[in-house]
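Remarks on the structure that follows.
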Amino acid sequence: MEQDSVSIPGPDWTLLSQGAEARVWKVPNYGGKVVVVAKERFSKKYRHVVLDDRLTRQRCRAEAKLLEKCAKGNLRVPKVLRVQAPILYLEYLGDEVITLRERLQVLLHTAVNHDDDDNDDTASKAASSSDAERMVLALARSLGLVLAKLNNLGIVHGDLTSSNMMVHRHAPSSMMDESELDETNDNNAVIMLIDFGLAKNSTSAEERAVDLYVLERALVSTHPKLPPQFLEKVIDVYRVKANGSEATLARLEQVRMRGRKRECFG
Ligand code: AMP
């Protein structure tokens, strides 16, 4: 991992997203690579300039270390190409890769609206609808596996949403069965986690449970048509594959109860 001082975004960079903590750029022709991603953490004007500079650099380096730990642990994430704090240069996952959010939106639209268009052939509509349902559940299995791998590496993500997960635009390209979801099979890395800006090393059941709870809430609010089997499948796979899952899932029950109380009583 290289580390040196700051550079300014170049004129040919295009903005992919602007969040509360960072801007993400697409950079053409960087260090011999056709396209890379540059994640630029920006300074917070309300913080003292020296402290701000130190924090921004620390967080940039911490994110890089966690991504490298994932890569070493065989969890598919964007490769860290260079750390030039406050800019992190990452592998661009490619034009064929989209967010899980976008992929689920397409699949759920197909699964739910299969009988909306009267001109379509009924048999093919039914087939594409049930294919879409199976693909949604295959993605749930893949997600359960990815979360278990992250858990087993001793990392909590801190911001698990379907926008922080990337998949091939046609994923899963083949109908996966249970055996294909073996942890040793790399083809399973259908879902790739991104944005480790809030991630940290932790094996605490509470922090793991909060990670899962944030994911549950995000999925339900972003994808209201998601079938309940999706989350059930995620948790089923996680239960089998994640170390310490009993304690984490017991804690998840408590976190959910706290969440419900907060909803009722504010
Ligand atoms: P982020 O702020 O890290 O969640 O990224 C914002 C958006 O940029 C994501 O929703 C993706 O569409 C895209 N993106 C981020 N990282 C990558 C990457 N390594 N390769 C391709 N696209 C990315």
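Couple of notes before you dig in:
- Scanning region 143-154 for residues that are touching a strand residue (DSSP E or B) at 6+ places or on another chain (Cβ under 6 Å) and of a type in the set (A, V, I, L, M) yields a total of 0.
Per-residue answers, yes or no, for (1) modelled with pLDDT under 95; (2) under 20 Å from the mean Cα position of the chain (by Cα); (3) surrounded by 15 or more Cβ atoms within 10 Å (Cβ to Cβ):
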{"site": "Y213", "(1), (2), (3)": "no, yes, yes"}
{"site": "F230", "(1), (2), (3)": "no, yes, yes"}
{"site": "V234", "(1), (2), (3)": "no, yes, yes"}
{"site": "V240", "(1), (2), (3)": "no, no, no"}
{"site": "V255", "(1), (2), (3)": "no, no, yes"}
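- Condition broken by F42, with the remaining ones in (1) away from the ligand (no atom under 14 Å from the Cβ); (2) modelled with pLDDT under 90 satisfied: (1)
- Residue in region 239-246 that is of a type in the set (A, V, I, L, M), touching a Leu at 6+ places or on another chain (Cβ under 9 Å) and part of a helix (DSSP H, G or I) present: no
- Some residue of region 67-87 being outside any loop (DSSP other than H, G, I, E, B), more than 13 Å from the ligand (Cβ to nearest atom) and free of Cβ contacts under 8 Å to residues at least 60 places away in the same chain: yes
- Extreme residue, farthest from D159 (Cα to Cα), among residues of region 21-39 that are part of a loop (DSSP other than H, G, I, E, B) and more than 10 Å from the ligand (Cβ to nearest atom): G32
- Against the list (1) free of Cβ contacts under 8 Å to residues at least 12 places away in the same chain; (2) assigned to a loop (DSSP other than H, G, I, E, B), the condition D12 fails is (1).
The values are calculated or read from the model by the stated rules, or taken from the named source; none is laboratory data. Predicted, not measured: the structure shown is a model, and the values here were computed from it. Note: ideal-geometry Cβ built from the backbone for every residue, glycine included; neighbour counts use all protein chains shown.
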